[in-house]
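Quick notes on the structure that follows.
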Amino acid sequence: MTLKLGVLASGRGSNLQAVLDAIDAGRLDAQVVMVLSNRQDAPALERAALRGIPAVHLPPSEYPQRLDYDRKAAELLKSAGADTLLLAGYMRLITTALLDAFPGRIINIHPTLLPAFPGLHGHRQAIDYGVRFSGCTVHFVDEGLDSGPIILQAVVPVHPDDNEDTLAARILKEEHRILPEALQLLAEGRLRIEGRRVIIE
Ligand code: GRF
């Protein structure tokens, strides 16, 4: 079934773009019905507006309680027709107000091989730790920080002379590949969550 995607993004929006490109190429059966950002200057909003997708800035200053903020976000996303949410570089922790409004239908992309290096600055964490491989993870979102059941991962090497930027660029390419793939699996109804595990049917 065609996914009606609500995308939450705080920044540049290259993953949003990868999703839009996959839709255009016929690789992803989805429609982005709204892009919502906590930051007015997020380039992701501009990318959406350019395509005529409703682009909404929801200022955190107007909703000091995170629950109230997420209640409002859920209301806006629902009224746009969203049935699935994608966190694509969304730099806020979400609350039960969003989780309960879209149960089992919220997906996040994280630039490390979870459960290693959750949270901010994943690339720096990976380099500082000295891992030889890192990568990215697409997962369902639960109440924790980058902790929900894993749908897809991709692995890249970490080179001795890598810095955050070179590693991030290598990982980003893989993010843009596996994110639309994971969403397409969801669109095809092929993902089943069993405890911590996601079964791909
Ligand atoms: C990506 O690295 C994603 O994994 C992380 O935030 C970054 C967002 O990049 N959650 P973009 O805004 O999609 O370009």
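The values are calculated or read from the model by the stated rules, or taken from the named source; none is laboratory data. Everything numeric here is computed off the predicted structure, so don't read it as measured data. Ideal geometry is used to build each Cβ from the backbone, glycine not excepted, and the neighbour counts take in all protein chains shown. Remember, those area values only see protein heavy atoms, side chains included, never the ligands or the DNA or RNA. Shrake-Rupley method; radii C 1.70, N 1.55, O 1.52, S 1.80 Å.
All but one of (1) in contact with a His (Cβ under 9 Å, 6 or more places away or on another chain); (2) over 17 Å from residue 171 (Cβ atoms) hold for residue 112, so report the exception by its number.
Result: residue 112 fails condition (2) only.
What residue, among those in the range 173-201 that are assigned to a loop (DSSP other than H, G, I, E, B) and acidic (Asp, Glu), is least open to solvent (accessible area, probe 1.4 Å)?
188
Looking at the range 119-135 only, could you name the residues that are small (Gly, Ala, Ser) and not in a loop (DSSP other than H, G, I, E, B)?
122, 126, 134, 135
Within the range 9-30, how many residues are of a type outside the set (Val, Ile, Thr) and within 11 Å of the ligand (Cβ to nearest atom)?
So the answer is 10.
Being touching an Asp or Glu at 6+ places or on another chain (Cβ under 9 Å) and over 19 Å from residue 121 (Cβ atoms) is the filter; apply it to the range 154-182 and report the residue that is farthest from the ligand (Cβ to nearest atom).
155
Can you list residue pairs whose Cβ atoms sit under 8 Å apart, with the first residue in the range 83-98 being within 16 Å of the ligand (Cβ to nearest atom) and among the aromatic types (Phe, Trp, Tyr) and the second being at pLDDT 95 or above and part of a loop (DSSP other than H, G, I, E, B)? Count only pairs 6 or more apart in sequence or on different chains.
These pairs meet every condition: 90/9; 90/10; 90/38.
For residue 7, only one of the following conditions fails: (1) more than 17 Å from the chain's Cα centre (by Cα); (2) buried (at least 16 other Cβ atoms within 10 Å of the Cβ); (3) in contact (Cβ under 8 Å) with a residue 60 or more places away in the chain. What is its number?
(1)
Taking the range 31-77 as the region of interest, how many residues are more than 12 Å from residue 7 (Cα to Cα) and more than 16 Å from the ligand (Cβ to nearest atom)?
The number of residues fulfilling the criteria is 17.
Testing residue 130 on (1) more than 13 Å from the ligand (Cβ to nearest atom); (2) closer than 15 Å to residue 171 by Cα, one condition comes back false. Which one is that?
Only one criterion in (1) more than 13 Å from the ligand (Cβ to nearest atom); (2) closer than 15 Å to residue 171 by Cα is unmet by residue 130, namely (2).
Of these, 97, 49, 82, which one is over 22 Å from residue 198 (Cα atoms), small (Gly, Ala, Ser) and out of contact with any Lys or Arg (no Cβ under 8 Å at 6 or more places or on another chain)?
The unique qualifying residue is 49.
Any chance you could count how many residues in the range 126-172 are open to solvent by 60 Å² or more (accessible area, probe 1.4 Å), touching a Phe, Trp or Tyr at 6+ places or on another chain (Cβ under 9 Å), of a type outside the set (Phe, Trp, Tyr) and free of Cβ contacts under 8 Å to residues at least 24 places away in the same chain?
0
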